[in-house]
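The values are calculated or read from the model by the stated rules, or taken from the named source; none is laboratory data. Remember, it's a predicted structure, so these values are computed and weren't measured experimentally. Here the Cβ is made from the backbone with ideal geometry for all residues, glycine too, and neighbour counts use every protein chain on show. Side chains are part of the model used for accessible areas, which takes the heavy atoms of the whole protein and leaves out ligands, DNA and RNA. Shrake-Rupley method; radii C 1.70, N 1.55, O 1.52, S 1.80 Å.
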Amino acid sequence: MSMKQLTGLVLSILFLAGCKTSKPTSSADTVTITPSVLLDSITIVRSKDDLYQASVTKSIDMVHTHLKVDFDWTTQRMNGAAELTLKPHFYTASSVVLDAKNMDIKRVALLENGLKDLTYTYDSLQLNIALGKEIPGGQNFKLYIEYTAKPNEKKIGGSAAIQEDKGLYFINPLGKEQNKPQQIWTQGETESNSNWFPCIDKPNQKMTQEIEIKVASNLKTLSNGLLTRSTQNADGTRTDVWTINQPHAPYLAMMTIGNFEVVRDYWMGKEVSYYVEPNFKQYARAIFGKTPAMLEFFSNRLGVSYPWPKYAQVVVRDYVSGAMENTSATLHGEFLQKTSRQLLDENNEDIISHELCHQWFGDLVTCESWSNIPLNESFATYGEYLWNEFDHGKEFADWRQHRSVNGYFSEAKNKKTADLIRFYYDDREDMFDAHSYNKGGAILHMLRKDVGDEAFFKSLELYLKTHSYKSVEVHNLRLAFEEVTGRDMNRFFNQWMLNSGHPVLKINYAHDADSIYIDITQKQSNDKGLTYQLPFKINVHYGGIVMSYPVLLKNKKQHFSFKSLGSPDLIDVDPERVLLCEKKENKTVDEYVYQYQHNRHYNAKREAIEALKDSVRVNEKAAALFHQALQDPFFGLRKDALNYIGHDSTSKFLFLNAIERMASSDSSNRVRQDALSYLAKLKSDKYMPMFTRTLSDSSYKCVSAALSAINKLDTTLAQSAALTLLNEPDIELKGVCYTVLSERYDNSLNQLFQTKLNEEAGYTKTNLYYHYANYLTHGDSAIVTQGIQYLYEKGAEDVSKKYNSSAQKSIERVRDYIKKRSDAPFYPTLKTLADDLIDKLKKRE
């Protein structure tokens with residue numbers, strides 16, 4: 001760029017900065033431009049408008065991707081040849097820009113009567129290709145690209161939901177890690193598949209696909225669609241060809257390679273398969289066995305039959321998320337592999353139903369931008385509710401949803417309040433939060449109750465059929481509901497999906513001989529001033545008679561009154577507890593007791609228990625209600641009541657007998673675990689026989705609670721039990737064992753911790769770094785010095801770099817805790833060593 005051009009650019013920038021209407025600088029980003037010798041610097045205030053996340057313009061459409069890939073396990077690289085069929089979306093095109101991150105590009109050519117090499121530029125992120133001619137809109141053309149993908153040679157990003165963004169992962173590539181299989185797998189969401197094949201890596205693209213995967217003959221492969229060909233090669237390898245003829249988004253492409261056992265079921269003639277490690281083959285149907293029933297349920301409930309040619313689920317090691325809904329081939333983290341004994345405590349149905357529901361919402365119909373990711377995640381979250389309601393009943397579904405909604409409220413109270421569909425964010429990974437998942441699921445539940453079941457599911461059917469194999473935005477969903485119901489749905493969508501926060505309601509009840517009075521004041525939780533329109537019912541109970549009044553709250557302050565049939569036992573706003581809101585009511589103890597006993601909905605009962613938790617010590621009726629709740633037929637209410645009981649002397653006197661019974665014989669492992677934990681806090685030797693007996697219980701949750709309880713009473717016995725129980729496979733139990741062992745210093749345990757760091761994997765290994773650091777904080781100079789050096793070696797030798805951060809944090813923890821010890825004169829020397837090791841690990845990131 002010449003000096004004249006640079007001067008013109010600077011003057012233009014100054015002009016724009018001076019004329020632009022911007023937000024206050026306190027909430028804006030600043031960009032500093034230093035134009036060499038012309039000026040020292042220019043500071044520009046960047047307004048919120050510059051952060052607007054529009055859907056990416058579709059200049060070029062992907063049509064079909066054909067890949068040929070093979071792998072170098074030693075270097076953790078993938079050699080690829082891509083044949084891409086593309087077309088200009090509308091306008092004539094003479095160039096194309098592809099996402100291709102951190103690759104060696106070897107050849108780029110136009111496939112047209114042979115290969116014609118093309119001119120291109122490449123900046124390690126995008127491949128800008130000159131086509132050498134004008135191609136009319138809508139006309140297909142083909143590119144051929146030879147490349148090498150180098151996923152481990154890029155800077156790692158990610159989010160809370162998806163911890164890394166390398167796209168392609170080699171697990172134990174050199175075979176040096178004990179008890180860990182060698183695997184390769186991919187993770188595409190959000191835009192990480194362009195780390196292993198060139199593409200337009202945006203959610204509003206759709207493509208069909210064929211992948212030829214060359215592997216050692218002893219390994220199995222999995223990808224989207226069907227295995228259409230498998231060929232033994234002369235060099236002893238095998239090439240598997242996977243084909244999907246229905247278009248899907250690039251981020252949903254996947255492949256997995258490893259030594260899996262495959263267990264097969266079938267649904268409507270389609271293969272339903274489960275890829276697991278050999279040791280879990282006998283448990284595969286216990287883990288995944290409800291999948292065919294879920295396929296039947298969702299197909300019927302949504303009015304659209306499962307659209308893909310097969311459905312596979314595979315479990316991999318060291319996965320960077322919980323699970324991923326790749327088209328026709330869901331990938332799960334290793335925590336999903338459980339023995340029959342582990343499944344007694346917790347099944348995997350929420351995860352399995354969530355990812356399966358995505359095959360419709362996300363895969364068949366895909367959000368056109370990450371701003372619209374709730375169109376994927378909110379529906380999948382609500383899919384969990386729908387399955388639970390169908391298979392386990394509404395009470396259980398409401399219990400699970402309450403826990404989910406609490407996740408949103410917790411995030412909101414931590415000062416994160418954002419629009420559900422939000423077009424302003426710094427990083428697309430920010431969209432994967434408790435708003436997009438938890439809050440969105442609750443909003444869909446309200447929408448269902450607002451329009452009614454028949455209209456809700458008819459609207460979803462229309463939405464899915466209209467937009468099959470296409471990308472959508474939130475207004476497509478709104479229009480489907482408007483077409484079915486005949487209603488203008490803008491108010492609902494604007495206040496819930498295109499806005500932030502939730503209503504906070506203050507409700508006052510009163511009555512006299514003639515009338516019932518309800519006064520409601522509303523405000524928005526984040527004080528932005530929105531006045532909600534909220535339809536709900538008000539139920540008035542007179543003995544066995546219930547009068548139900550549909551109302552619409554539409555003002556900040558609103559008064560409702562109804563003719564009275566006498567003195568009411570209960571006036572109940574939103575009796576099904578559908579509204580996503582916080583509320584404060586002036587109900588009495590008698591009214592809450594009546595609510596628990598006469599409102600059959602879980603959340604109304606739970607609300608009554610919570611409201612009376614501080615009254616049990618002073619009010620006999622409240623105490624009697626808690627006794628009733630501790631024996632409720634539904635385990636969730638027993639669990640809630642137990643967790644609301646305090647540890648003061650009055651509470652113990654009132655409820656200890658019931659809690660002892662629950663700890664020893666409740667039918668729910670979840671309840672028994674909580675009861676054991678309650679008794680543990682009493683630190684009474686009276687319960688030691690119960691705790692030691694429970695160490696051999698069939699429930700790992702109860703064993704974990706018992707071991708924690710014993711550790712409060714007899715650390716020597718707890719340590720002995722922990723050494724025995726460490727061989728059990730349960731993650732929660734292992735965590736308790738390592739906690740017990742790390743709290744007491746014993747030189748002999750140092751070698752155990754180091755051995756286990758070699759043997760453990762996944763979440764257990766990540767947590768073990770923390771526990772070993774805790775153990776070292778009690779050690780002498782020799783043990784601590786050798787220990788942090790060992791932590792450094794483990795972090796440095798990890799080729800996946802997965803444990804590098806864990807090693808750093810562990811060394812920091814040891815250094816910082818030793819500083820607080822009064823008996824550690826070796827601290828200055830230790831600090832110098834620790835800082836040096838942390839620096840070295842950071843350089844290896």
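For the range 751-767, the count of residues that are more than 20 Å from residue 680 (Cβ to Cβ), in a helix (DSSP H, G or I), touching a Ser or Thr at 6+ places or on another chain (Cβ under 6 Å) and hydrophobic (A, V, I, L, M, F, W, C) is zero. Scanning the range 134-146 for residues that are touching a Ser or Thr at 6+ places or on another chain (Cβ under 7 Å) and over 16 Å from residue 107 (Cβ atoms), we see that the one that is most open to solvent (accessible area, probe 1.4 Å) is 134. Of everything in the range 254-289 that is among the hydroxyl-bearing types (Ser, Thr, Tyr) and within 30 Å of residue 195 (Cβ to Cβ), the residue that is surrounded by the fewest Cβ atoms within 10 Å (Cβ to Cβ) is 273.
Residues being in contact (Cβ under 8 Å) with a residue 24 or more places away in the chain and either hydrophobic (A, V, I, L, M, F, W, C) or in contact with a Gly (Cβ under 8 Å, 6 or more places away or on another chain) (or both) are represented in the range 221-233 by at least one member.
The residues of the range 290-327 that are open to solvent by 10 Å² or more (accessible area, probe 1.4 Å), of a type outside the set (A, V, I, L, M), in a helix (DSSP H, G or I) and touching a residue at least 40 places away in the same chain (Cβ under 8 Å), listed by number, are 297, 301. Picking from residues in the range 765-781 that are touching a helix residue (DSSP H, G or I) at 6+ places or on another chain (Cβ under 8 Å) and either over 28 Å from residue 337 (Cβ atoms) or among the aromatic types (Phe, Trp, Tyr) (or both), the one that is surrounded by the fewest Cβ atoms within 10 Å (Cβ to Cβ) is 781. For the criterion of being modelled with pLDDT under 95, in contact with a helix residue (DSSP H, G or I) (Cβ under 7 Å, 6 or more places away or on another chain) and open to solvent by 10 Å² or more (accessible area, probe 1.4 Å), residue 813 fails. Of the residues making up the range 238-262, those that are part of a strand (DSSP E or B) and either touching a residue at least 24 places away in the same chain (Cβ under 8 Å) or among the basic types (Lys, Arg) (or both) number 16.
Taking the numbered list (1) under 17 Å from residue 656 (Cβ atoms); (2) modelled with pLDDT under 95 in turn, residue 727 passes all entries but (1). Taking first residues from the range 269-285 that are part of a helix (DSSP H, G or I) and partners that are small (Gly, Ala, Ser), the Cβ contacts under 9 Å between residues at least 6 apart in sequence or on separate chains come to 282/340; 283/340. Residues in the range 679-701 that are more than 14 Å from residue 713 (Cα to Cα) and in a helix (DSSP H, G or I): 693, 694, 700, 701. Of the residues 210, 177, the single one that is out of contact with any Pro (no Cβ under 8 Å at 6 or more places or on another chain), open to solvent by 10 Å² or more (accessible area, probe 1.4 Å) and at pLDDT below 95 is 177. Close Cβ contacts (under 8 Å, 6 or more residues apart or on different chains) running from residues in the range 388-401 that are more than 18 Å from residue 604 (Cβ to Cβ) and open to solvent by 50 Å² or more (accessible area, probe 1.4 Å) to residues that are among the small types (Gly, Ala, Ser) and part of a helix (DSSP H, G or I) comprise 391/293.
Cβ-Cβ distances below 8 Å connect the following pairs, each with a first residue in the range 350-371 that is farther than 21 Å from residue 404 by Cα, a second residue that is acidic (Asp, Glu) and open to solvent by 10 Å² or more (accessible area, probe 1.4 Å), and a separation of six or more residues or different chains: 367/473; 368/473; 369/473. Is it fair to say residue 619 is touching a helix residue (DSSP H, G or I) at 6+ places or on another chain (Cβ under 7 Å), over 30 Å from residue 392 (Cα atoms) and modelled with pLDDT of 95 or more? Here the answer is yes, as residue 619 does meet what is asked. For the range 409-436, residues that are within 18 Å of residue 602 (Cβ to Cβ) and under 14 Å from the mean Cα position of the chain (by Cα) total 0.
Residue 217 meets all of the listed conditions (1) in contact with a strand residue (DSSP E or B) (Cβ under 6 Å, 6 or more places away or on another chain); (2) surrounded by 23 or more Cβ atoms within 10 Å (Cβ to Cβ) but one, namely (2). Taking the condition in contact with a helix residue (DSSP H, G or I) (Cβ under 7 Å, 6 or more places away or on another chain) and hydrophobic (A, V, I, L, M, F, W, C), does residue 752 pass? Criteria not met by residue 752. For residue 660, the conditions (1) modelled with pLDDT under 95; (2) open to solvent by 10 Å² or more (accessible area, probe 1.4 Å) all hold with the exception of (1).
Do we find a residue being assigned to a helix (DSSP H, G or I), surrounded by fewer than 19 Cβ atoms within 10 Å (Cβ to Cβ) and hydrophobic (A, V, I, L, M, F, W, C) anywhere in the range 787-803? Yes: the range 787-803 contains one or more residues that are assigned to a helix (DSSP H, G or I), surrounded by fewer than 19 Cβ atoms within 10 Å (Cβ to Cβ) and hydrophobic (A, V, I, L, M, F, W, C). Is at least one residue of the range 755-764 surrounded by fewer than 16 Cβ atoms within 10 Å (Cβ to Cβ), without any contact (Cβ under 8 Å) to a residue 60 or more places away in the chain and closer than 28 Å to residue 339 by Cβ? Checking the range 755-764: at least one residue is surrounded by fewer than 16 Cβ atoms within 10 Å (Cβ to Cβ), without any contact (Cβ under 8 Å) to a residue 60 or more places away in the chain and closer than 28 Å to residue 339 by Cβ.
Under the condition of being out of contact with any Phe, Trp or Tyr (no Cβ under 9 Å at 6 or more places or on another chain) and surrounded by 19 or more Cβ atoms within 10 Å (Cβ to Cβ), which residue from the range 531-571 is nearest to residue 489 (Cα to Cα)? For the range 531-571, the residue satisfying everything is 534.
Taking every residue in the range 510-523 that is free of Cβ contacts under 8 Å to residues at least 24 places away in the same chain and pairing it with any residue that is open to solvent by 60 Å² or more (accessible area, probe 1.4 Å), at least 6 positions away or on another chain, the pairs with Cβ-Cβ distances below 8 Å are 510/517; 510/519. Kindly indicate whether residue 722 is without any contact (Cβ under 8 Å) to a residue 24 or more places away in the chain, more than 28 Å from the chain's Cα centre (by Cα) and open to solvent by less than 30 Å² (accessible area, probe 1.4 Å). Judged against the criteria, residue 722 is a match. Within the range 134-172, being at pLDDT 85 or above and touching a helix residue (DSSP H, G or I) at 6+ places or on another chain (Cβ under 9 Å) holds for 149, 150, 151, 165, 166, 167, 168, 169, 170.
Of a type outside the set (A, V, I, L, M, F, W, C), in contact with a Cys (Cβ under 7 Å, 6 or more places away or on another chain), touching a residue at least 60 places away in the same chain (Cβ under 8 Å) and closer than 25 Å to residue 131 by Cβ - does that describe any residue in the range 51-68? Among the residues of the range 51-68, at least one is of a type outside the set (A, V, I, L, M, F, W, C), in contact with a Cys (Cβ under 7 Å, 6 or more places away or on another chain), touching a residue at least 60 places away in the same chain (Cβ under 8 Å) and closer than 25 Å to residue 131 by Cβ, which makes the answer yes.
Checked against (1) in a loop (DSSP other than H, G, I, E, B); (2) surrounded by 22 or more Cβ atoms within 10 Å (Cβ to Cβ), residue 169 passes all but a single condition, namely (1). Note on the range 402-448: residues that are part of a loop (DSSP other than H, G, I, E, B) and touching a residue at least 12 places away in the same chain (Cβ under 8 Å) total 14.
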